[in-house]
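Notes for the one structure printed next.
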Amino acid sequence: MKFSIYRFDPDKDEKPYMQDYEIALEPADRMLLDALIRIKTVDDSLSLRRSCREGVCGSDAMNINGRNGLACITPLKGLKEPVELRPLPGLPVIRDLIVDMTQFFKQYHSIKPYLINEDPPPETERLQSPEERAELDGLYECILCACCSTACPSFWWNPDKYVGPAGLLQAYRFLADSRDQATAERLDYLEDPYRLFRCHSIMNCTDVCPKGLNPMEAIGRIKTMMTKRTI
Amino acid sequence: MTIARRKFDAVIVGAGGGGMRAALQLSEAGLKVAVLSKVFPTRSHTVAAQGGIAAALGNVTEDNWHWHMYDTVKGSDYLGDQDAIEFMCRQAGEVVYELEHYGMPFDRLENGKIYQRPFGGQSQNFGGAQATRSCAVADRTGHAMLHTLYQRNVRANTQFFVEWMALDLIRDEQGDVLGVSALDIETGEVMILQARATLFATGGAARIFSASTNAFINTGDGLAMTARAGVPLQDMEFWQFHPTGVYGAGILISEAVRGEGGYLLNKDGERFMERYAPHAKDLASRDVVSRAMTTEIKEGRGCGRDADHLLLKLDHLGADVIKARLPGIREIAIKFAHADPIREPIPVVPTAHYMMGGIPTNFHGQVVAPYKTGPEEVVQGFYAVGECACVSVHGANRLGTNSLLDILVFGRAAGNQIIEDLKRNSHHKHLPGDAADKALARLARLDSQKDGENVSQVGDMLRKTMQAHCGVFRFADLLKQGVDKISEVAQRARNTEIRDKSRVFNTARVEALELDNLAEVAVATMISARARTESRGAHARDDFPYRDDDKWLKHTLYFSEDRRLDYKPVRLKPLTVESFPPKARIY
């Protein structure tokens with residue numbers, strides 16, 4: 001199978017280049033990550049992040065034939081050859097397929113991604129009905145792989161000012177939690193021309209999410225909450 | 001060569017559930033703590049835990065911690081230390097409620113309480129009816145827990161060193177632990193992180209086997225650093241083979257599938273667990289189910305063209321239950337087995353999953369080792385929790401959903417112990433001049449090695465050797481050959497060569513260092529397994545098929561330096577209740 005992979009090692013390369021690889025696959029190689037590991041046995045300098053190899057840790061997000069996805073759950077079958085692999089767009093490249101995610105996590109941290117409830121906790125659990133809990137489905141499952149935010153032009157242009165779809169999905173995860181008491185504070189923070197309102201609903205985020213989540217819908221719901229509180 | 005140095009009150013190596021639970025305790029107490037992790041915290045392997053957290057909340061069926069304790073002791077095949085098990089089971093409710101207060105999105109019952117599901121080896125009334133004890137977030141409990149703990153640490157301003165790999169433990173002449181040397185993976189720089197308390201929470205090492213549910217990062221770094229520093233490893237012969245890894249891919253299919261009512265079939269469509277465990281059936285302990293499956297395959301009742309796997313049937317649960325309670329499993333089965341469990345069974349096979357052994361600790365998370373006066377003297381300044389530690393609450397076999405409980409309880413306990421200990425030790429001890437020499441020598445060797453071995457080839461050899469010689473059933477001749485073979489592999493691992501010499505994010509270097517660590521763990525496992533001439537829990541000897549309490553009701557200690565074994569007694573006395581004496585283990 002043929003691959004064309006973005007290479008850049010700041011220790012020795014003046015500028016990035018695309019390197020071609022052709023490898024023979026084994027029957028057990030089903031996912032793109034399997035092929036990359038096979039390439040790495042031949043060329044140990046090819047650098048990428050990977051860990052769980054089952055799509056839950058979010059390490060191996062990359063741009064695969066022009067579309068962001070996780071290598072470990074992208075089947076080799078059906079990929080157009082040569083498979084063109086590049087680092088996630090819009091973030092600084094550290095080396096090869098590894099990007100610097102500092103800005104991405106900064107935005108995630110900015111929305112206070114934790115439950116805020118100032119009441120003294122009860123002896124046992126806080127109660128939450130199954131319906132209230134169901135509000136968190138499709139939100140809490142995010143794996144912070146950054147496929148969505150790095151597919152979003154608004155995030156490319158303003159990664160320091162626009163929270164981005166991943167951060168906003170988590171902002172809504174806490175807004176939607178019946179146990180959270182910081183709704184006003186959270187909405188105040190997001191009421192800003194950039195943080196939330198740089199989203200122009202082009203749906204790239206929802207389109208690429210490898211977990212099938214819908215950041216755009218969550219962003220829409222935050223906007224609705226904001227509208228509601230002004231009237 | 002001078003190396004940069006930084007000082008902290010505490011250094012934690014590993015940012016999975018155990019490390020982050022401990023970090024939270026320390027950060028909230030205002031201590032200066034550094035948490036090192038090879039990967040961004042939410043990528044740690046806790047993220048892959050699926051089924052739940054055991055705690056006798058009694059939300060669904062009547063329950064209490066004492067029954068949970070009995071099940072855990074029995075599940076451990078009586079090798080678990082009963083003081084630690086009582087400690088864990090008594091605190092289970094509290095740590096789960098605490099997690100809920102942190103924001104954990106537990107599934108809920110109609111009355112608004114935390115949803116609980118049945119799991120293997122859980123009983124009411126000391127071996128009676130099935131208990132319903134596992135607190136769950138669908139089949140993504142580990143993911144929800146890891147993110148919740150990370151989020152709480154963000155709130156507490158915990159300082160993370162992301163993509164740093166610890167290289168070696170630093171001990172002084174008295175044997176006290178003073179910190180670690182570590183590699184900043186992104187820049188290639190080595191630094192000494194000096195600390196008054198060093199906690200290892202480095203997770204498991206089931207990557208020593210070819211067929212493993214574990215992530216690539218689970219390479220036993222903490223165990224190897226411990227062994228290299230002269231502290232023994234405990235009970236390394238005990239590895240859990242999870243009954244249901246996806247055939248061919250190894251990915252975990254949670255026991256929650258059987259907890260919700262799924263069951264295993266052989267090629268004749270027979271629900272064979274009824275023969276092996278008439279009472280608990282598919283919810284017998286994991287060691288029991290994995291042995292039954294292996295026996296079915298061995299006796300020709302496996303499924304598929306090569307008759308080498310079994311089928312996990314759950315379509316009878318209905319699409320609604322599967323979508324609501326097991327959505328992650330369905331996703332995995334469709335992606336990795338091309339089977340939608342709503343319609344068809346999932347092909348599964350026992351797969352290496354969890355290490356019961358590890359760094360010996362007491363139930364305060366303090367590392368203990370024989371030194372002068374006894375087998376369990378505290379190693380000053382050194383703590384370990386979670387899968388890398390052996391408290392031992394899991395003994396010879398861990399019960400499902402006790403691992404997430406383990407990391408919560410002992411992460412918190414170790415945090416509290418460190419806070420207490422630091423009140424007494426207010427100064428950093430003097431750092432020896434050669435603190436990082438061994439780690440630097442290993443790196444220098446890798447940089448200069450010519451005509452060496454290929455890292456991935458030696459790694460493959462290591463995994464194949466462990467798989468063939470130290471699997472679900474163990475045979476005298478295979479173990480004997482296994483010791484020789486794995487020793488040879490370990491020798492080759494010292495001679496690896498990497499072609500990538502870049503300083504920047506050199507993953508080839510990381511993998512070579514990880515191979516050193518895997519080799520340390522593999523040798524410890526094989527030698528410990530060969531010596532234990534009985535069958536107990538997950539250690540099943542073909543030539544010694546029965547448990548032998550007269551000779552073997554004791555913990556193994558493996559010393560890396562001279563590959564020597566020693567033993568120490570099991571702590572049979574609980575903290576407040578009567579001891580559960582060993583008896584026949586029937587499910």
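The values are calculated or read from the model by the stated rules, or taken from the named source; none is laboratory data. Model, not experiment: these values are computed from the prediction. Cβ atoms come from the backbone with ideal geometry, glycine included; neighbour counts cover every protein chain shown. Calculation scope for accessible area: heavy atoms of the full protein, side chains included, ligands and nucleic acids excluded. Shrake-Rupley method; radii C 1.70, N 1.55, O 1.52, S 1.80 Å.
Descriptive notes on the structure:
- Comparing segment A:8-164 with the 2.2 N^0.38 Å rule of thumb, its C-alpha radius of gyration ratio is 1.29 (two decimals).
- Using a Förster distance of 56 Å, the FRET efficiency for B:HIS430-A:GLU26 (Cβ separation, nearest 0.05): 0.55
- The share of C-alpha pairs in chain B whose separation exceeds 31 Å stands at 45 percent.
- Computed E for B:LYS464/A:LYS12 - FRET, C-beta separation, R0 35 angstrom, nearest 0.05: 0.50
- Solvent-accessible area per residue for segment A:42-102 (1.4 angstrom probe, square angstrom): 33 Å²
- Taking a Cβ cut-off of under 11 Å around B:LEU518, the surrounding Lys, Arg, Asp and Glu residues balance to a net charge of -3, with basic ones at +1 and acidic ones at -1.
- Rounded, prolate or oblate (a/c below 1.5 giving rounded, otherwise prolate when a/b exceeds b/c) for the protein assembly as shown by Cα gyration tensor: rounded
- Helix axis angle, B:286-298 relative to chain B longest principal axis, alpha carbon, degrees: 70 degrees
- Checking every one of the GluC sites (Glu not before Pro) in segment B:102-204 against DSSP loop status and a limit of 16 other Cβ atoms within 10 Å picks out B:GLU110, B:GLU173.
- The angle separating the long axis of helix B:455-469 from the principal Cα axis of greatest extent in chain B is about 40 degrees.
- The label-point distance for B:GLU377 and B:ALA584, in a model that sets each label 7 Å from Cα toward Cβ, rounds to 4.4 nm.
- Taking both sides together, the accessible area buried where A meets B is about 5100 Å² for a 1.4 Å probe.
- Listing of segment B:157-187 residues, each with accessible area lower by at least 10 Å² in the full protein assembly than in the chain alone (probe 1.4 Å): B:GLU163, B:GLU186
- Over 19 Å (Cα to Cα) - which of B:LYS551/B:LYS583; B:LYS32/B:LYS429; B:LYS372/B:LYS423; B:LYS74/B:LYS281; A:LYS161/A:LYS223 fall in this group: B:LYS372/B:LYS423
- Separation between Cα centres of segment A:23-91 and segment A:124-151, rounded to whole Å: 27 Å
- Mean sequence separation of contacting Cα pairs (under 8 Å, at least six apart), scaled by the length of chain B, corresponds to a relative contact order of 21 percent.
- Heavy atoms of the protein chains alone define the surface here; on that basis segment B:437-548 has 41 Å² accessible area per residue at 1.4 Å probe size.
- Computed [θ] at 222 nm, helices only, for chain B once each DSSP H run of length n ≥ 4 contributes -39500 (n - 2.57): -11000 deg cm²/dmol
- Separation of alpha-carbon centers, segment B:375-454 and segment B:51-110, rounded to whole Å: 25 Å
- For segment A:141-182, the residues whose backbone nitrogen is under 18 Å from a point 7 Å from the Cα of A:SER129, taken along Cα to Cβ, are A:176-180.
- Split the accessible area of the protein assembly as shown by element, probe 1.4 Å, and carbon with sulfur accounts for 50%.
- Mean accessible surface per residue for segment B:245-350, computed with a 1.4 Å probe while every protein chain stays in place, in Å²: 38 Å²
- Once the Cβ-Cβ distance of A:LYS223 and B:ASN157 is raised to the sixth power relative to R0 = 30 Å, the FRET efficiency obtained is 0.45.
- Pairwise label distance in nanometres, A:TYR189 with B:LYS450, each label 7 Å out on the Cα-Cβ vector: 5.7 nm
- Beta bridges per DSSP with both ends in chain B, % antiparallel, nearest 5: 65 percent
- Placing a pseudo-label 7 Å from each Cα along the Cα-to-Cβ vector at B:GLU270 and B:LYS573 gives an inter-label distance of 4.9 nm.
- Listed by chain and number, the lysines placed with their C-alpha closer than 28 angstrom to that of A:LYS77 are A:LYS2, A:LYS40, A:LYS211, B:LYS313, B:LYS323, B:LYS335, B:LYS464; residues fewer than eight positions away on the same chain are left out.
- Distance distribution note for segment B:437-548: the fraction of Cα pairs above 25 angstrom is 33%.
- Low-density loop positions, trypsin sites (Lys or Arg not before Pro), segment A:116-180 - DSSP coil, at most 12 other Cβ in 10 Å: none
- Accessible surface for B:THR507 stands near 20 Å², nearest 10, in the context of the full protein assembly shown (1.4 Å probe).
- Cα-based helix-to-principal-axis angle, B:437-448 vs chain B, degrees rounded to 10: 80 degrees
- Sites listed here are trypsin sites (Lys or Arg not before Pro) in segment A:19-86 whose DSSP assignment is loop and whose Cβ has at most 11 other Cβ atoms within 10 Å: A:LYS77, A:LYS80.
- The protein assembly as shown - share of DSSP beta bridges that are antiparallel (%, nearest 5): 70 percent
- Protein-only accessible surface at a 1.4 angstrom probe places the residues A:ASP29, B:ASP548, A:ASP160 in the order A:ASP160, B:ASP548, A:ASP29, largest first.
- Segment B:228-288 and segment B:520-546 have their alpha-carbon centroids 18 Å apart.
- Mean residue ellipticity (222 nm) of chain A, computed from DSSP H runs ≥ 4 via -39,500 (n - 2.57), nearest 500: -8500 deg cm²/dmol
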